[in-house]
Amino acid sequence: MKTQFLLYLSLVIVVACQQKANCQQNTKETLTRESIKLETDNIFNKLVEIRRDLHENPELAGNEISTQKIIKQYLLDLGLEVETEIYGYGIVGILRGEKKGKKIAWRAEMDALPNDFPDKVDFKSKVKGIQHGCGHDIHMAIALGIAEILSKNKKSLNGTVYFIFQPEEETFIGAKSMISSGLLSKIHPDEIYGLHVTALPVGQIMVKPNEIFAYQKRIRVKLKNELTNEQAKELTKKIHSLLSRARTGSKPWEIQNIGDPQTGLINPNTIFKDYLIMDENFTNYSENNKLFLEANLYETNSSNLKNIIPKIKQVIEAGDYKDQLLSISFVQENPTVINDKKLTNIAVKILDNIYGKGFVITDYGQVPFFNDDFAYFQQKIPGVYFFLGGSNIEKGIIAMNHAPNFKVDEECIRTGVKNFVSLILERLNEN
């Protein structure tokens, strides 16, 4: 009887110890999450001020002079190593943890847009004809916030974080030029992350493996200049009719609906998948007795790209213009953002584990018209590109990039910093 009691007592003690250990572990995890939230809240107003300063003083691609100075000083004040001799006005901040480990890169764009749309905020652009109408000021503020929190906790970091502030994204040459100028011989990231604020509800984070945007191409048809204007117009209508494809009743060119719960990206039956859309009105011009017909097109399925030129040739020959045809070619075909499948799934699992299952929204479509030269980094390094919601309908804020009255709810800065600090910490400290 005594022996049985001692065995029972031993079992109770073991269970109690296990429960205490689990409780301590859970408390530690909670404190980690809470400390990240607290630190984010503590620097939030400062990040908003920086964002507004950048918004008031935008600079076009290739001219990010004062932007570079602001970013550089901020990173130096955090104690990061700073590299500026890479390409253009690009900057890389290097944060080395106390221990060796994984190397992770975070990318943020620096340049603004050439436009003069209404900018209905108190901190509107002071530079006529130039605005941060795509949200790059938000992206820089988030990256600086991530850098600040991680730098304050560098003793708990296993590995290195590179903060890449990239110029010339709007012209689609900054990432490629940084790489060709030797960026990856100076830093050696194992994986890379980035985001783009968009017209989803503020607080939402959305991602998917594989293609994020449609494949963007610009087609050029060169003919002998023997067609009348009416013949050229009729020919382009036939090309448009043959190539265009969309699901029945859908209008994937209405990009303002990407946040719609019924037809947008969050719905498995979204209208923004399985389509080819293109300019209905081609650009027509004559040069050296040649006629040129050009149009942009957006295709979601990479396997269909090889069929586009043969189909156009088929239309032209069927219209009795075989003898007039000189060539058909893609004159612009930038790579598209393609998220690494394995890394995307890992990132989603991490954020879901920390903040609750389903925290990250699944993207079921591909966005037309837009693209990002982040794709060039992904060609060299496994990477994940997230969408970050910036709209707040109740406040009249619609974060539709490149559009008049583009505005962003600055609460998305808090969302971005908190969540991606958590992601990077988990990735660095994984065994």
Checking Gln378 against (1) part of a loop (DSSP other than H, G, I, E, B); (2) touching a strand residue (DSSP E or B) at 6+ places or on another chain (Cβ under 8 Å); (3) surrounded by 19 or more Cβ atoms within 10 Å (Cβ to Cβ), the condition it does not meet:
(1)
Taking Leu150 as the residue in question, decide whether it is touching a Gly at 6+ places or on another chain (Cβ under 9 Å) and outside any loop (DSSP other than H, G, I, E, B).
yes
So which residues in the stretch 164-187 are under 18 Å from Ile71 (Cβ atoms) and under 15 Å from the mean Cα position of the chain (by Cα)?
Ile164, Phe165, Gln166, Pro167, Glu168, Glu169, Glu170, Gly174, Ala175
Hey, among Ala143, Ala108, which residue is small (Gly, Ala, Ser), over 23 Å from Ile398 (Cβ atoms) and either in the same structural domain as Asn405 (by TED's automatic domain parsing) or at pLDDT below 95 (or both)?
Ala143
Mind checking whether some residue in the stretch 164-173 is part of a helix (DSSP H, G or I), touching a residue at least 24 places away in the same chain (Cβ under 8 Å) and within 20 Å of Asn371 (Cβ to Cβ)?
no
Would you say Asn229 is polar (S, T, N, Q) and touching a strand residue (DSSP E or B) at 6+ places or on another chain (Cβ under 9 Å)?
yes
If you go through Asp137, Asp119, the only one that is at pLDDT 95 or above and either part of a helix (DSSP H, G or I) or within 23 Å of Phe387 (Cα to Cα) (or both) is Asp137
Criterion: in a loop (DSSP other than H, G, I, E, B) and either at pLDDT 95 or above or in the same structural domain as Lys208 (by TED's automatic domain parsing) (or both) - qualifying residue of Asp372, Asp352:
Asp372
Right, Gly389: touching a residue at least 24 places away in the same chain (Cβ under 8 Å) and either of a type in the set (A, V, I, L, M) or part of a strand (DSSP E or B) (or both) or not?
yes
Verdict on Gly101 being assigned by TED's automatic domain parsing to the domain that holds Glu59, of a type outside the set (A, V, I, L, M, F, W, C) and at pLDDT below 95:
yes
Go through (1) outside any helix (DSSP H, G or I); (2) under 17 Å from the mean Cα position of the chain (by Cα) one by one and return the number of the condition Asp409 breaks.
(2)
Is it fair to say Tyr364 is in contact with a Ser or Thr (Cβ under 6 Å, 6 or more places away or on another chain), surrounded by fewer than 19 Cβ atoms within 10 Å (Cβ to Cβ) and either in a loop (DSSP other than H, G, I, E, B) or without any contact (Cβ under 8 Å) to a residue 60 or more places away in the chain (or both)?
yes
State whether one or more residues within the stretch 221-233 are within 29 Å of Asp279 (Cβ to Cβ) and assigned by TED's automatic domain parsing to the domain that holds Ile361.
no
Those residues of the stretch 75-91 which are surrounded by fewer than 22 Cβ atoms within 10 Å (Cβ to Cβ) and part of a strand (DSSP E or B), in sequence order
Glu81, Val82, Glu83
Go through (1) farther than 22 Å from Leu195 by Cα; (2) modelled with pLDDT under 95; (3) of a type in the set (Val, Ile, Thr) one by one and return the number of the condition Ile258 breaks.
(1)
Those residues of the stretch 242-253 which are of a type in the set (Ser, Thr, Tyr) and either modelled with pLDDT of 95 or more or in contact with a strand residue (DSSP E or B) (Cβ under 8 Å, 6 or more places away or on another chain) (or both), in sequence order:
Ser244
For the stretch 217-230, indicate whether the set of residues that are buried (at least 20 other Cβ atoms within 10 Å of the Cβ) and without any contact (Cβ under 8 Å) to a residue 60 or more places away in the chain is non-empty.
no
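The values are calculated or read from the model by the stated rules, or taken from the named source; none is laboratory data. Keep in mind it's a predicted model, so treat the numbers as computed, not measured. Note that we place each Cβ from the backbone using ideal geometry, even for glycine, and neighbour counts take in every protein chain shown.
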